[in-house]
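Structure record follows, encoded as structure tokens.
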Amino acid sequence: MSGHTGIPLPPTDPLPLGPLPGSRYPDPHIEAIDRKRFKGSAGTGAVERVATGFRWAEGPAWFRGGNYLIFSDIPNNRQMRLLADDNHLSTFRSPSLNSNGNTVDRQGRLISCQHAARRVVRTELDGTITVIADQYEGKRLNAPNDVVVASDDSVWFTDPTYGIDGNYEGLKQAQEQPVQGVYRVDSRTGAVVRVVDDFTQPNGLAFSPDEKKLYVVDSGLTHGGSAHIRAFNVDLAAGRLSGGQVFAEDFAPGFTDGIRTDIEGNVWASMGWADPAEDGVRCYAPDGDLIGKIHLPETCANLCFGGLLRNRLYMCASTSVYAVYVNTQGAALP
Ligand code: MG
């Protein structure tokens, strides 16, 4: 269907919640490229649309104790909460200062990146907010995007410019940092150290289950750079990274944004933006082989494993959140 300008209009019948149209067992939305290694299907399960009505869903984080998902709706300046028990959806925090990436630390506390405030914050168990990082070497951060916590409680986050590039996903503000870096925050001293400085736009990040690797997305395609995932060697005790070779490429003209790993070390990456046939999730084996895909009707920005057994993959995809039971489990927390 086209409007009078010739621009295709969106479907007049919005997708309902529940299994996607065309779903059956096995669900054709789940594509195994390597049947031995890809664990994207639990067998008798289908990809479901579990929530909708957002402008840009991002930053899913799973709270095991409460059996719910927290995620960001960045342009709507709110964080949402989806209860797994009855699929009840509510606003967790508004305004969220255009929060983006969220995670849960080892003590069960929410850690969030806030575009508009250009900072990473922790929501304490009594509800108060603690600033974890908002500047480096006396200058304001750009706009922290995504965050992970290591087993030594150190906090690692990316700092691209998306949240200060305009007034839609944040606030248009001047950049003070000379680069778009990746940072580590020491859990004991609170010291913030830039550990990587050669990205165009660092974005999602995830540790391998043994924490020997840190995968970091470069979504720099949006700013004339690359669209790939790099793998760094981690010296956790020293708080240092080395290496950084390209692990998976080249996603252009699309790109990945958020990533997570499972207990076998596979890397699950959001995908979208350019080709509707590629919208969804890709799964890469630890050796970099593409072993499977999950196809979604919308561009996917980020994902996380949830459920009591960490075997339900939640996918934040544009206006909706999708979920599917998989035959593996997310690595550690979240
Ligand atoms: Mg992101």
Residue 199 long-range amide H proximity, modeled H, under 5 Å: 180
Listed pairs 39/212; 172/293; 36/213 exceeding 32 Å between Cα atoms: 172/293
Sparse-neighbour loop sites [GluC sites (Glu not before Pro); region 135-242; at most 12 other C-beta within 10 Å; DSSP]: 137
Region 142-216: chymotrypsin sites (Phe, Trp or Tyr not before Pro) in DSSP loop, at most 16 other beta carbons within 10 Å: 168
Phi-based couplings in Hz for region 279-293 (Karplus 6.51, -1.76, 1.60; Gly and Pro marked x): 4, x, 9, 10, 10, 10, 5, x, 8, x, 5, 6, 10, x, 9
Cα-derived Rg to Rh of region 26-183, Kirkwood definition: 1.02
Computed Kirkwood radius, in angstrom, where 1/r is averaged over Cα pairs of region 218-334: 14.7
Span per principal axis, largest first, for the Cα atoms of the chain (Å): 53, 48, 42
Radius ratio Rg over Rh of region 23-110, counting only Cα atoms, Kirkwood formula for Rh: 1.05
Computed Kirkwood radius, in angstrom, where 1/r is averaged over Cα pairs of region 188-248: 12.2
Per residue, the convex hull volume that the Cα atoms of region 110-163 enclose (Å³): 81
Residue among 55, 119, 184 with the largest mean-square fluctuation in a Gaussian network model of the chain, springs linking Cα atoms under 10 Å: 55
Packing-based order for 313-322, 40-49, 99-108, 127-136, using average beta carbon neighbours within 10 Å, highest first: 313-322, 99-108, 40-49, 127-136
Proximal charge balance of residue 117 [Cβ under 10 Å; K/R count +1, D/E count -1]: +2
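All of the numbers you see were taken from the coordinates with simple rules; none came from a lab. Everything quoted here is computed from the prediction, not taken from an experiment. Glycine gets a Cβ as well: all are built from the backbone with ideal geometry, and neighbour counts include every protein chain shown.
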